[in-house]
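Undergrad: Before anything else, here's the structure in question.
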Amino acid sequence: MIVVLILVLVVVGSIVFHLLSPWWWTPIASNWSYIDNTIVITFWITGFVFAAVISFMAYCVWRFRHRPGSTAAYQPENKRLEWWLAGGTALGVSAMLTPGLFVWSQFVTVPANASKVEVVGQQWQWSFRLPGADGRLGRAETRNVTSDNPLGVDRNDPASLDDVVISGGELHLPIGKPVEVLLRSIDVLHDFYVPEFRAKMDMIPGTVTYYWFTPTRTGTFEVLCAELCGVGHPQMRGTVVIDDDDAYRTWLQQQPTFSQSLASIENLPSK
Ligand SMILES: [Cu+2]
């Protein structure tokens with residue numbers, strides 16, 4: 001009887017813990033409520049299956065407990081039951097996977113009016129690059145990386161010169177405007193993750209991955225690296241600030257362009 005009680009407590013305790021848990025999601029700050037919806041669907045399905053399986057176990061332990069004189073029946077096959085189980089499992093798995101396919105296609109279909117921002121991961125800091133007045137990011141290559149040019153921006157590409165490079169600092173973005181995030185790594189795998197944006201993606205050396213989102217709330221948000229990238233991985237934090245339009249413009253005007261930073265480095269007396 002004690003086993004039955006423990007099994008029932010496991011079910012009830014898990015549901016109560018889920019409902020009362022203090023470790024729920026951070027309040028959302030982007031358009032990706034669809035991603036939350038898919039996770040909620042998964043919680044419902046896995047939660048229902050978990051509760052059903054454990055409750056069935058509890059029932060069997062109680063119903064088929066040992067009684068003197070009763071013997072076990074042996075039933076090696078039951079076609080009907082197997083069809084039900086296989087069909088039910090297929091249905092549950094499809095219900096969990098299908099919404100994800102729709103959300104994924106939205107996640108990587110960038111709206112035409114999205115502005116661009118480049119995020120560069122390296123052991124163990126975040127850097128950012130904005131396209132500047134021409135709206136275009138200049139070419140960048142890991143082989144161009146030097147201490148003066150930490151993102152490897154191509155100096156010979158005219159589109160690079162007005163780019164705004166933020167090396168190891170804060171990224172600001174305006175509220176309510178869709179932004180395409182272009183992800184690059186100059187050493188190992190990283191993953192750009194801001195929990196409030198509900199969006200993340202791996203950054204792979206040698207290629208550019210991307211997604212988009214629209215910030216829906218002003219505030220300061222912490223960037224985490226969501227891909228184990230070496231001993232400094234837990235310290236690989238950054239900051240994204242979502243501003244209203246005025247504050248964003250003020251901030252942007254204070255940022256030096258790539259050509260201005262190059263000029264100030266070349267004018268240093270030590271060079
Ligand atoms: Cu990392």
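Undergrad: Among the listed residues 222, 170, identify the single one that is within 20 Å of residue 255 (Cα to Cα) and of a type in the set (D, E, K, R). Don't jump to the end; show me each part of the working.
TA: Details: 222 fails: within 20 Å of residue 255 (Cα to Cα).
170 is the lone residue from the list that is within 20 Å of residue 255 (Cα to Cα) and of a type in the set (D, E, K, R).
Undergrad: On to the next question. Please enumerate the residues belonging to region 1-48 that are hydroxyl-bearing (Ser, Thr, Tyr) and in contact with a helix residue (DSSP H, G or I) (Cβ under 8 Å, 6 or more places away or on another chain).
TA: The answer is 14, 26, 30, 34, 38, 42, 46.
Undergrad: Have a look at 188, 240, 223 and point out the one that is assigned to a loop (DSSP other than H, G, I, E, B), in contact (Cβ under 8 Å) with a residue 24 or more places away in the chain, within 27 Å of residue 141 (Cβ to Cβ) and not hydroxyl-bearing (Ser, Thr, Tyr).
TA: On the way: 240 fails: assigned to a loop (DSSP other than H, G, I, E, B); 223 fails: assigned to a loop (DSSP other than H, G, I, E, B).
None of the others qualify; the one that does is 188.
Undergrad: Would region 79-87 turn up any residue that is aliphatic (A, V, I, L, M), closer than 30 Å to residue 198 by Cα, within 36 Å of the chain's Cα centre (by Cα) and part of a helix (DSSP H, G or I)? Please lay out each step first, then the result.
TA: To start, the set of residues in region 79-87 that are aliphatic (A, V, I, L, M) comprises 81, 85-86.
Still in the running and closer than 30 Å to residue 198 by Cα: none.
Within region 79-87, not a single residue is aliphatic (A, V, I, L, M), closer than 30 Å to residue 198 by Cα, within 36 Å of the chain's Cα centre (by Cα) and part of a helix (DSSP H, G or I).
Matching residues to (1) within 16 Å of the ligand (Cβ to nearest atom); (2) under 13 Å from residue 120 (Cβ atoms):
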site: 160; (1), (2): no, no
site: 163; (1), (2): no, yes
site: 180; (1), (2): no, no
site: 194; (1), (2): yes, no
site: 202; (1), (2): yes, no
site: 218; (1), (2): no, no
site: 222; (1), (2): yes, no
site: 230; (1), (2): yes, no
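Undergrad: Shifting gears a bit: Looking at region 197-220 only, could you name the residues that are within 24 Å of residue 109 (Cα to Cα) and not in a loop (DSSP other than H, G, I, E, B)?
TA: Once the filter is applied, which keeps residues that are within 24 Å of residue 109 (Cα to Cα) and not in a loop (DSSP other than H, G, I, E, B), region 197-220 yields 197, 199, 200, 201, 202, 203, 209, 210, 211, 212, 213, 215.
Undergrad: Let me ask you something else. Taking the conditions exactly as written (among the β-branched types (Val, Ile, Thr) and within 16 Å of the ligand (Cβ to nearest atom)), does residue 208 satisfy them or not?
TA: Details: among the β-branched types (Val, Ile, Thr): yes; within 16 Å of the ligand (Cβ to nearest atom): no.
The answer is no for residue 208.
Undergrad: Another one. Specify the residue that is nearest to the ligand (Cβ to nearest atom); the eligible residues are those in region 235-271 that are modelled with pLDDT of 80 or more and loosely packed, with under 11 Cβ neighbours inside 10 Å.
TA: Across region 235-271, the extreme among qualifying residues is 235.
Undergrad: Taking the options 103, 165, name whichever one is within 30 Å of residue 39 (Cα to Cα) and not in a loop (DSSP other than H, G, I, E, B). Full working, then the answer.
TA: Values: 165 fails: within 30 Å of residue 39 (Cα to Cα).
Exactly one of 103, 165 is within 30 Å of residue 39 (Cα to Cα) and not in a loop (DSSP other than H, G, I, E, B), namely 103.
Undergrad: Let me ask something additional. Pairs only if they're at least six apart or on different chains, beta carbon under 8 angstrom, first in region 127-156 and in a strand (DSSP E or B), second of a type in the set (Lys, Arg); list them, first residue then second.
TA: Every condition considered, the pairs that remain are 130/116; 140/129; 140/184; 153/129; 153/139.
Undergrad: Report yes if some residue within region 167-177 is within 15 Å of the ligand (Cβ to nearest atom), within 24 Å of residue 108 (Cα to Cα) and at pLDDT 90 or above; otherwise report no.
TA: Going through region 167-177, the residues within 15 Å of the ligand (Cβ to nearest atom) turn out to be 168.
Checking the rest, the ones that are also within 24 Å of residue 108 (Cα to Cα) come to none.
No - not one qualifying residue is present in region 167-177.
Undergrad: Condition first: over 15 Å from residue 123 (Cβ atoms) and out of contact with any strand residue (DSSP E or B) (no Cβ under 8 Å at 6 or more places or on another chain). Now tell me which residues in region 232-246 satisfy that.
TA: Kept after step one, since they are over 15 Å from residue 123 (Cβ atoms), are these residues of region 232-246: 239-246.
The one that is over 15 Å from residue 123 (Cβ atoms) and out of contact with any strand residue (DSSP E or B) (no Cβ under 8 Å at 6 or more places or on another chain): 246.
Undergrad: Please verify whether region 98-105 includes one or more residues that are more than 30 Å from residue 190 (Cα to Cα) and outside the structural domain of residue 214 (by TED's automatic domain parsing). First the steps, then the outcome.
TA: Applying the first criterion (more than 30 Å from residue 190 (Cα to Cα)) to region 98-105 yields none.
Scanning region 98-105 turns up no residue that is more than 30 Å from residue 190 (Cα to Cα) and outside the structural domain of residue 214 (by TED's automatic domain parsing).
Undergrad: In region 123-150, what residues are of a type outside the set (Ser, Thr, Tyr), within 16 Å of the ligand (Cβ to nearest atom) and at pLDDT below 85? Write out each step before concluding.
TA: Step one: list which residues in region 123-150 are of a type outside the set (Ser, Thr, Tyr), which gives 123-126, 128-141, 143-145, 148-150.
With within 16 Å of the ligand (Cβ to nearest atom) added as a condition, the list becomes 123-126, 128, 150.
Passing the criteria: only 150.
The values are calculated or read from the model by the stated rules, or taken from the named source; none is laboratory data. All of these numbers come straight from a predicted model, not from anything done at the bench. Reconstructed Cβ throughout: ideal geometry from the backbone, glycine too, with neighbour counts over all protein chains shown.
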